[in-house]
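Since the structure comes first, as structure tokens, the remarks are kept for the end.
The values are calculated or read from the model by the stated rules, or taken from the named source; none is laboratory data. Every value quoted in this text rests on a predicted model; they were computed, and no experiment measured them. In this analysis, Cβ positions are derived from the backbone assuming ideal geometry, glycine residues included, and neighbour counts consider all displayed protein chains.
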Amino acid sequence: MARAAQKILRVGGKRSKLVTSISSGIIGTVGADLGDCFEPPRHRDAEIFIWASTDNFESSFGKCLFISASPRLGGKKPMKFEKGIAKKYRQSIEDAFDVILDKGNDSHRDIAKLILDSKMHIRVKPVAEVNASGVTGLVDNGDTNDRIEDERLSIEEAFDEIYIAIAEETIDTGGQRGCEGTFVHEGRHAFDFAQTIASFSDADVNPLSLFDPTLYELEWEAHRTAGEYMLCIARDEYIEEGIELLILGREAERGCFLNEEGIRSRLRDNYSLILDTNPGPRASELLGLRQR
Ligand SMILES: [Zn+2]
């Protein structure tokens, strides 16, 4: 910031000063109060520079004079794809993240950003290996347990330990919608696993704040977030799929809504999970984590 503020640019005959640069995205308006320029980042492929008139730069009520954007140095921050993934799959996945960042709600966007800013691994494998449309796990649980033992991991750092695998068939037959849906659902699992890893690495000083959800809780959150995403997109094919999966409901008066009753029955019938009597294993058991 201090270094950036040295930059001076002439815009329309006025001297302007670079106020700040943010690493990803802005929806701002020239002429707006400077404070209004700082909106939640939306796009990940540009670095945004905000310039203000030097006359009123010192005042927090300065006007935003000019907004410029340039591609990030070296272009997009690369996602951490495993080797050997066909270009068409990499492209679908990058497109899916762009749509999630653009159309998702705050929580979808926050998780997508955590994934993009981390070294979380992305795998694409035949469905015969993934055994589902997608799956989330640890790259190497021995390594993760060592880190939990030795370090305090933030949620951001914990994402580096995780992979999401998507089945080739999910993209081949489910298209862009299948790809987005899988990363929204599995992305929520990745976020919950990252919270679990972070809390386990902090367990010796913070034993009461241990986060270790059951499989029921993990699936409940992932299904809810997938349903909310379908409602955000609000296109027929997304809504119809949501209704078919019982994640969404539709009634004449209410329109489309998140179908909590439907999700509960789906978890019971398809996953054999029941909140009180059969909540399934905890995240730490699924991941093979040890408390420090
Ligand atoms: Zn799931």
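At least 3 residues being in the same structural domain as Arg282 (by TED's automatic domain parsing), within 16 Å of the ligand (Cβ to nearest atom) and in contact with a Cys (Cβ under 7 Å, 6 or more places away or on another chain) is the threshold, and among the strands (runs of 3 or more DSSP E) wholly inside the stretch 94-196 not one reaches it. For the criterion of being within 15 Å of the ligand (Cβ to nearest atom), outside any loop (DSSP other than H, G, I, E, B), in contact with a strand residue (DSSP E or B) (Cβ under 9 Å, 6 or more places away or on another chain) and closer than 24 Å to Asp110 by Cβ, Tyr216 passes.
Restricting to the stretch 114-128, name every residue that is in contact (Cβ under 8 Å) with a residue 60 or more places away in the chain and surrounded by 20 or more Cβ atoms within 10 Å (Cβ to Cβ). Please lay out each step first, then the result.
Residues of the stretch 114-128 that are in contact (Cβ under 8 Å) with a residue 60 or more places away in the chain, as a first pass: 114-116, 120.
Residues satisfying the conditions are Ile115, Leu116, Met120.
Across the stretch 238-265, the qualifying residues are those that are in contact with an Asp or Glu (Cβ under 9 Å, 6 or more places away or on another chain) and part of a helix (DSSP H, G or I), and the one among them that is surrounded by the fewest Cβ atoms within 10 Å (Cβ to Cβ) is Tyr238.
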